[in-house]
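Working notes for the structure below.
The values are calculated or read from the model by the stated rules, or taken from the named source; none is laboratory data. Keep in mind that what you see is a predicted model, and the values were worked out from it rather than measured. No Cβ is skipped: glycine too gets one built from the backbone with ideal geometry, and neighbour counts run over all protein chains shown. For the accessible areas, the whole protein counts, side chains as well, though only heavy atoms, and no ligand, DNA or RNA atoms are used. Shrake-Rupley method; radii C 1.70, N 1.55, O 1.52, S 1.80 Å.
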Amino acid sequence: MIKLQTLILRIFGVFGSSALAAVAGGAIFGVELWKSAAIAGVVAAGKVTEALLRSWSEDGKLDKEEVAAAFGKKA
């Protein structure tokens, strides 16, 4: 079982990396930087959280492979 703290920190990592990537795109279209970063981060974190919850709902546990798949990596 993966520790909850590890999952939360990894989700924040996804949020941060997606937010940074969206800052340039937001600047091109005249969107405030914090808004474009927040939207991108929330969407990315939501996708990962949804994948984790779907995997957990199947059998009530998360294994390493399921977590890796949710974060887009092969175990």
Within the range 43-50, can one find any residue that is at pLDDT below 90, more than 18 Å from L4 (Cα to Cα) and not small (G, A, S)?
no
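When you check I2 against the structure, is it modelled with pLDDT under 85, under 23 Å from D59 (Cβ atoms) and not hydroxyl-bearing (S, T, Y), yes or no? Reasoning before the result, please.
On the way: modelled with pLDDT under 85: yes; under 23 Å from D59 (Cβ atoms): yes; not hydroxyl-bearing (S, T, Y): yes.
Against the criterion (modelled with pLDDT under 85, under 23 Å from D59 (Cβ atoms) and not hydroxyl-bearing (S, T, Y)), I2 qualifies.
The rows are residues; the columns are (1) open to solvent by 90 Å² or more (accessible area, probe 1.4 Å); (2) among the charged types (D, E, K, R); (3) in contact (Cβ under 8 Å) with a residue 24 or more places away in the chain.
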site: A24; (1), (2), (3): no, no, no
site: W34; (1), (2), (3): yes, no, no
site: I39; (1), (2), (3): yes, no, no
site: T49; (1), (2), (3): no, no, yes
site: S55; (1), (2), (3): no, no, no
site: K64; (1), (2), (3): yes, yes, yes
site: A68; (1), (2), (3): no, no, no
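When you go through G16, G30 one by one, which is the residue that is out of contact with any helix residue (DSSP H, G or I) (no Cβ under 8 Å at 6 or more places or on another chain) and open to solvent by less than 100 Å² (accessible area, probe 1.4 Å)?
The conditions single out G30.
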